[in-house]
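Nothing in this text is a laboratory measurement; each read-out follows from the coordinates by a stated rule. Note that the coordinates shown come from a computational prediction; the quantities given were computed from them, not determined experimentally. Reconstructed Cβ throughout: ideal geometry from the backbone, glycine too, with neighbour counts over all protein chains shown.
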Protein chains: 2
Amino acid sequence: MEWIDVPSEGLTLRDIRRITKRDQAESEDIRKAVEAILADIEQRGDAAVREYTKRFDGVDLDSFLVSPEEIDDAVDIVGPDFMAILEEAAANIRAYHERQVEQTWIDTFRPGVRLGAKFTPIQRVGVYVPGGTAAYPSTVLMDTIPAHVAGVPSIAVFTPPAKDGSVNPYILAAAHVAGATEIYKVGGAQGIAAAAYGTESIPPVFKIVGPGNAYVAMAKRLVFGTVGIDMIAGPSEVGVLADHDANPVWVAADLLAQAEHDRRAAVFLVTPSAAFAGEVEAEVRRQLEELPRKDIAAESIEKHAKFFIVKDKDQAVDIMNLIAPEHLEIAFSDAETWAKKIVNAGAIFMGPYTTEPLGDYFAGPNHTLPTMGTAAFSSPLGVYDFVKRSSLLEYDKDAFTAVADKVMRFANVEGLQAHGLAVRRRIDE
Amino acid sequence: MEWIDVPSEGLTLRDIRRITKRDQAESEDIRKAVEAILADIEQRGDAAVREYTKRFDGVDLDSFLVSPEEIDDAVDIVGPDFMAILEEAAANIRAYHERQVEQTWIDTFRPGVRLGAKFTPIQRVGVYVPGGTAAYPSTVLMDTIPAHVAGVPSIAVFTPPAKDGSVNPYILAAAHVAGATEIYKVGGAQGIAAAAYGTESIPPVFKIVGPGNAYVAMAKRLVFGTVGIDMIAGPSEVGVLADHDANPVWVAADLLAQAEHDRRAAVFLVTPSAAFAGEVEAEVRRQLEELPRKDIAAESIEKHAKFFIVKDKDQAVDIMNLIAPEHLEIAFSDAETWAKKIVNAGAIFMGPYTTEPLGDYFAGPNHTLPTMGTAAFSSPLGVYDFVKRSSLLEYDKDAFTAVADKVMRFANVEGLQAHGLAVRRRIDE
């Protein structure tokens, strides 16, 4: 844990980047291993996927596709109580994301000039879902539902099988609820390769979203260009704006909820009250002892908890805007007024009862959010990530003739005479 | 030039990827050279920028910032006639892009539950503009105006100086018209590094847009994560849907307007009429002889012109959707009806007079468009590239209490007990 006494003139973006820097998990070794897997699967298709699945997941599969019976079984195992919770969460996520849907339009801008934008869902997407101990059905909902709301006709989930060839039932149940059209038992870099290039049994997708380990992240980075990707997610993080009006027990609990995710998770408290920061630190240390994931949370807190002591609430907002946290909790009273001054944050949780885990599971806004300061230039995952625009242009003969000379002048200035000729040949006709 | 007789059952995405494949310009040597420049500028700032500018651009600069007097001089050199054309093009671009502005909203979804989205412009962006022979004022307008319309308060242009320390006056004039707030005489990988990391005299930006050579593209790829980037643009391309209703002279001229851009530019004609394709080919060969940039256009046509002969217009649309061209001209009669069936294209030009150069310079929609098939998953540059969203969430005590149990159940299923405790401590209070 580090305390930073912010000087009265504030800090710069370069200061904040240095203070909040965490190592990237990438390495040259991982790059080479992943490059080899990608090339092999692009070349040899299903046979290569089968071999890697045997090697890395310890199971020899004849078919990668999850059957309807396996999904029915998963729903039974999950049970009606939790299925109802999944359905309710899915309904909340759907309701929020429906507000992001945009409509194709075309308008007459001038006589004879019609311009517009056509919105089309991406025709097929892949959702990567990690397996093993980190099986998060909430992430399946959050990554799949926006694609479904966008109208993507074909949504394929890729997830690693267990040694017995099964998939975690909570993942299957969540994928089913969220509207996935296929689920493949292919994980790791081989899953990303199969999605991007396609194989004999797996049609290729146009975009891949979802989190994964360092191999998955590297594979996504390397297939980017052939397909779209959502983002290379860093470890999770929360920023809290609070002073003595807030409850230090609750603030500490929220910091620990973030810290338990990952040894590299980061928590940022920005407060005008050193006394309040002291109370939160004491509470963090006390509550840590009660956590099953104490080891992970303790390492995150030790290395990546930063408490900034500032001169006033306005400076607190300035510092938080430089941090650009993935999650921001505003525990100042009158949270909404302070939210108006926030320019950089993935999601803003306002008021004492809007604890961050509400957003992870249930409220509706997406929990796949920009990390590591990237909220300064990027957005939560949304319907807009599964839809693309095509510009629409139509000039009639008169409108064309009216601007032809200007277009030719422009082409001439840029030294592109064939551009000018494409115009001139229509005039000279 | 290659003719492809499409079989009656059509082609697959993998077929199309193979047929339309062009080499990437990247190399391991370029990566290493650029990595060294980035590290050096991150470390040594202005001194390193000055050295690289001396080495690569042949000029020793004391200050990188373009002065108001230099801009005034540029406006004089460009002259009132072309300034008026620039202003008119800028007004058209502004009018179209204003349709992309979105408003912050927050609504009550259930009693005690308020959710919304806050739209904030990125606080500072860099626009890269290549120098030398490829000085395109249209690109300055297209890359800068959406940022300006988005409300980005600080827009810095980076462009390489000539040996005498000057910048092309058309670039300066266009940057001025478009609303750039600063222009720096720093190009190449050193320009991208200065923008991403900042130096003593150049504040860092949060996102970098704009085209460049292989060094610039590699630098953008490597700083991605520290800052946002628009896209790694490939060589330009056009697809044309046409049959005997279209004028082969005009179609040929449009193909050549694309081909003159770049030896790696690609043109795709998809037509149900082999006879029409033959007329277009003959016209292309005839018109080629008249072009000042004949060498470039001829190489592009020879290597990267693909004429697909299909069984009917519906199959033509299917093939074009697999190609996902950057620019698409629909020269079938009743273009708008056919446009409705297009799912993948950067910009759609409808009807015989809507030649692609209209869109390059003047009509208003952006000319920075997804290339190399990426229109299947990405969009034209727009205001949305300069704005990001923050989700807004607020639960009051009652709304929180009503869902607390469900959130704890979810946390428990995912094995994240500290998430559950963040909820429980608020209930137990």
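Cβ crowding within 10 Å, taken as a proxy for footprinting-reagent exposure, orders A:Thr20, A:Thr159 from fewest neighbours to most as A:Thr20, A:Thr159. For the pair A:Ala95 and A:Arg285, a Förster radius of 56 Å applied to the C-beta separation gives a FRET efficiency near 0.90, rounded to the nearest 0.05. Plainly put, the tip 7 Å out from Cα toward Cβ on A:Gly79 is 8.3 nm from that tip on each other copy, the closest given first.
The listed peptides B:42-53, B:138-149, ordered by packing as a protection proxy, come out as B:138-149, B:42-53 (highest mean of other Cβ atoms within 10 Å first).
Chain A versus the axis that turns it onto chain B: the residue with the nearest Cβ and the distance in whole Å amount to A:Tyr384, 4.
One Cα centroid belongs to segment B:29-77, the other to segment B:266-299; the line between them spans 41 Å. The peptide list A:383-393, A:245-255, put in order of mean Cβ contacts within 10 Å with the highest first, becomes A:383-393, A:245-255.
By the helix-only formula, in which each DSSP H run with n ≥ 4 contributes -39500 (n - 2.57) and the sum is divided by residues, chain A has a 222 nm mean residue ellipticity of -14500 deg cm²/dmol.
With neighbours defined as other Cβ atoms within 10 Å of a residue's Cβ, the residues B:Val284, A:Val157, B:Val270 order from fewest to most as B:Val284, B:Val270, A:Val157.
Approximating the spin labels as points 7 Å out from Cα along Cα→Cβ, the A:Met1-to-B:Glu299 distance works out to 6.3 nm.
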